[in-house]
Amino acid sequence: MFQAPYPPYDPTDTSGFSYDTVVKRWPIILTNIIDHVHRLLHDMTLEIQQVRDSDVSKTEELSKKITEGQEIISEISRLKYRMARDHDLENIPQDGDILVAEYNAELESLKQTSRDTWFRAPWLYAECYLYRLIRAYFNQRTYWRGYDPFSTQKEEMFKNSGAAIYQIATTMHELESEKVKLQGDSDKLEVLFKEMIQMCLWGNATDLSLLTHLSPSDIEHLQTVGKEAQEARSDFILKDDQGAVWSYIKTLANQGKRLDFVLDNAGFELFTDFVFADFLVTYTPYFSQVVFHPKLFPWFVSDVTPTDFANTISSLLSPTFFPPNPTTTPDSLAHLQHMVTRWKDYIDKGIFTLATDISNGQKMTEFWNGPWPYWNMNELAPELGQWLSGSGLVIFKGDLNYRKLAGDVKWPVSTPFPTAIGPLAGSFPLLSLRTNKADVAVGIDEKVAENLDNKGDKWRTSGKYALVSFLPGRINQ
């Protein structure tokens, strides 16, 4: 399998983001899980007091669940202690779930070179390992098996996005009367396409704010104002292949192509992914189907699982999911209902599909929860590689997907993107949308990076800067 000519990032560099992650971020995540389970156990204790005399079986079940929850808290507390003291990583216990042997085999390999402790293991492996280990802690208990300790956090964050979601729904509604015109005008589609990319890239509603100026009868204004705003944001996009990907997409018209979305975060970000997919299928002639690729178990706190995917649709269709907001109007409520009902119809018809629902999809999806760089996909998950090779475009969302594409190794910033993703380059048309929240970054002009470094700007990790990286299916096409 491919080996990069540079070492991976690890926490031995105390000035790097990976060191801060082990010292600060991971302990906070573990503490949040402990606090969450504590609150659940408190609620269960109160429930026992209410049903003790009337429901013996319920009382017994709750008591067992409390005992198991206390065991989970104890294990996570022990993990925090061991992590802070750079203890060795222990084998993932056999919990009847996926990838136990694969993680443990990789760990055994790291032991051979004494890189099997929390501060010496490659950051990418250790972080993936952490979430697989947390999964095992819950899976080993009868009453907690399969539990997502981040579900409440994801739901609360999503509920806070109501105002932005209603705004975008109204914007998309205003596009409907222009649908026929749009499909025949690639210049207008290009401006909208770039707005959609930047909405997905930055993950906030302001990136679509220009579209609210759109009137049903006048889209010309957007072509001028939209391009100006995109240029203003361009200083923060350190690698910008938006033009290249649009030039490629225009060649796909009326061919019934499939779009694959390798998802990142649940909540508002998944909502924007749906909006982007809806735009490409509903308003352009370039794609007729979208397959969304989730993670099979809770991953990096907020990544999309199949449950999150389903809950997103049901939450958006619920008139009471989002808290009341003075800016919400009956029209915006209706616009959201109309748009998400279309998405549900697309799901029912197979136009939108979750990867786990396609033939062999469950097995293919396992790869995303593994600890490996994506450049080993064709060796480790040939069915997935074969599936993606038939795609019109594969969009990789977010920072972790970018880290895995580039192997999370210490590439020089000027390294060409095709070089950094190794054998994956040319396997299928690939678009990576990533805001910078980790050290690895490629395809950037050295002078640009040097100027940012000299300014003391934490451009690699602040989330203020972004990379839009595209490769066609064949590098020389």
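The values are calculated or read from the model by the stated rules, or taken from the named source; none is laboratory data. Treat the numbers as computed from the prediction; the structure is a model and nothing was measured. For neighbour counting, all protein chains shown are included, and Cβ atoms are generated from backbone atoms with ideal geometry for every residue, glycine included. With ligands, DNA and RNA removed, areas are computed over all heavy atoms of the protein, side chains included. Shrake-Rupley method; radii C 1.70, N 1.55, O 1.52, S 1.80 Å.
Residues in the stretch 25-50 that are loosely packed, with under 15 Cβ neighbours inside 10 Å and β-branched (Val, Ile, Thr): 28, 31, 45. Among the residues of the stretch 85-94, are any farther than 30 Å from residue 381 by Cα, assigned to a helix (DSSP H, G or I) and open to solvent by less than 70 Å² (accessible area, probe 1.4 Å)? Within the stretch 85-94, none of the residues are farther than 30 Å from residue 381 by Cα, assigned to a helix (DSSP H, G or I) and open to solvent by less than 70 Å² (accessible area, probe 1.4 Å). Cβ-Cβ distance below 8 Å, separation of 6 or more or different chains: which pairs start in the stretch 247-266 with a residue that is free of Cβ contacts under 8 Å to residues at least 40 places away in the same chain and end on one that is polar (S, T, N, Q)? Partner pairs satisfying both residue conditions: 256/288; 256/289.
Close contacts from the stretch 132-144, counting a first residue that is open to solvent by 20 Å² or more (accessible area, probe 1.4 Å) and a second that is of a type in the set (A, V, I, L, M, F, W, C), with Cβ to Cβ under 6 Å and a gap of 6+ residues or different chains, come to 135/297. Selection of the stretch 307-328 for residues being in contact (Cβ under 8 Å) with a residue 40 or more places away in the chain, more than 15 Å from residue 292 (Cα to Cα) and open to solvent by 30 Å² or more (accessible area, probe 1.4 Å) yields 323, 325, 327, 328. If you go through the stretch 186-197 and keep only what is farther than 11 Å from residue 275 by Cβ and free of Cβ contacts under 8 Å to residues at least 40 places away in the same chain, you end up with 187, 188, 191. Residues in the stretch 259-286 that are open to solvent by 10 Å² or more (accessible area, probe 1.4 Å) and of a type in the set (D, E, K, R) were compared, and the one that is nearest to residue 403 (Cα to Cα) is 264. For the stretch 299-320, does any single residue satisfy the condition of being charged (D, E, K, R) and farther than 25 Å from residue 174 by Cβ? Yes, the stretch 299-320 contains a residue that is charged (D, E, K, R) and farther than 25 Å from residue 174 by Cβ. Among the helices (runs of 4 or more DSSP H) confined to the stretch 148-212, the ones with at least 1 residues that are at pLDDT below 85 and open to solvent by less than 50 Å² (accessible area, probe 1.4 Å) are located at 179-183, 186-202.
Filtering 447, 437, 458 for residues that are open to solvent by 20 Å² or more (accessible area, probe 1.4 Å), closer than 25 Å to residue 127 by Cα and either free of Cβ contacts under 8 Å to residues at least 24 places away in the same chain or not in a loop (DSSP other than H, G, I, E, B) (or both) leaves a single hit, 458. The number of residues in the stretch 11-24 being open to solvent by less than 30 Å² (accessible area, probe 1.4 Å) and not hydrophobic (A, V, I, L, M, F, W, C) comes to 4.
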